[in-house]
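Inspection log for the structure reproduced underneath, given as structure tokens.
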Amino acid sequence: MPELKARVPVPAIAALLAVILVLAGCGGSGSAEPAEPPVLDPSAGPAAPTTRATPRAGEVKLGRAPAYVALAVKDVTVRSRSGGKGDIVAVFPQTLPWGSPTPFLISEARRTETGDTFLKVLLPRRPNGSSGWVRRDQVRIRPVTHEVVVDISSRTASLLRNRRKIRSFRVGVGTAGTPTPTGRFYVTVKLRPPQISAAAYGAWALGLSGYSEVHQTFGTGDGQIALHGTYKPWLLGQPVSNGCVRMDNETISLLAETLPLGTPVTIQG
């Protein structure tokens, strides 16, 4: 059977070309829909040079994860204000003595009029709850889906994933004379024997950004509190520590495997 060929009238072709030209014009200087609030891509590195207009200044959304951590990629300079104009309040090394990057829990992100992004972060230092601003190009950002909530009054702790409780367990807390500090902290380092004393800290110690309000030192340390294991599980559920939060070795091992650096740890009375 011979191939069928349709003839298209010349006027129809002209009309089709006109439609194509109109559609092409829609991708150019036509009016655009109002832009949504900017979202910062946590996995992206420093922004590449661009000829586009500078993004709108103000608060920047990091995404939908429960929390975000900033991991140092160079020595980090912390300032008292965003925009790089505040006083320098601290300088942290890129890596900790144990080889892991220095982490910071992010509480806010803002973009300046010049397009630079600054992050407000909790600091792993005294006094508890200290915060400051760091440049986006000093860190890489990672989402965090888990959180630990410690309730001192009930001497229990809960593991949350995407803000939902998935497990609870008994813990030991500080005594009346050496209380466990309350507040919002985060995991700064994960250590296990022989990096730590198994007799004192059990199978793992997850150091937190908080510090004892009584002790300036713990042994050779600087008073940093931790979630850690114990080989005396019969003492769990009691006020027995110097301010740290104790749990059985099975639980602390689970947390060490599950929680990345920067995981929030909320301790409430």
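The values are calculated or read from the model by the stated rules, or taken from the named source; none is laboratory data. Note that this is a predicted model, so its numbers are computed, not measured. In this analysis, Cβ positions are derived from the backbone assuming ideal geometry, glycine residues included, and neighbour counts consider all displayed protein chains. Accessible surface areas use protein heavy atoms only, side chains included; no ligands, DNA or RNA. Shrake-Rupley method; radii C 1.70, N 1.55, O 1.52, S 1.80 Å.
See the values below:
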{"item": "Cβ-Cβ FRET estimate between residue 200 and residue 90, R0 fixed at 25 Å, reported to 0.05", "result": "0.30"}
{"item": "Peptide ranges 235-244, 79-88 listed from the most packed, as the mean C-beta count within 10 angstrom indicates", "result": "235-244, 79-88"}
{"item": "Accessible surface ranking that places the most exposed of 215, 146 first, with a 1.4 angstrom probe", "result": "215, 146"}
{"item": "Over 20 Å between alpha carbons, listed pairs 61/120; 61/165; 165/190", "result": "61/165; 165/190"}
{"item": "Prolate/oblate/rounded label for segment 56-198 (Cα gyration tensor, a/c 1.5)", "result": "prolate"}
{"item": "Cα shape, segment 141-184, gyration tensor, a/c 1.5 rule", "result": "oblate"}
{"item": "Full-stretch length increase - residue 75, residue 107 - with 0.36 nm per residue and alpha-carbon distance subtracted", "result": "9.5 nm"}
{"item": "Segment 126-269 - charge dipole about Cα centre, Lys and Arg +1 at Cβ, Asp and Glu -1, debye rounded to 20", "result": "460"}
{"item": "Farthest toward positive dipole pole in segment 68-179 [+1 Lys/Arg, -1 Asp/Glu at C-beta], among 102, 84, 146", "result": "146"}
{"item": "Three-way shape label, segment 190-269, alpha-carbon gyration tensor, a/c 1.5", "result": "rounded"}
{"item": "Protection-proxy order for peptides 107-119, 250-262, 151-163, each taking the mean of Cβ atoms within 10 Å per residue, highest first", "result": "250-262, 107-119, 151-163"}
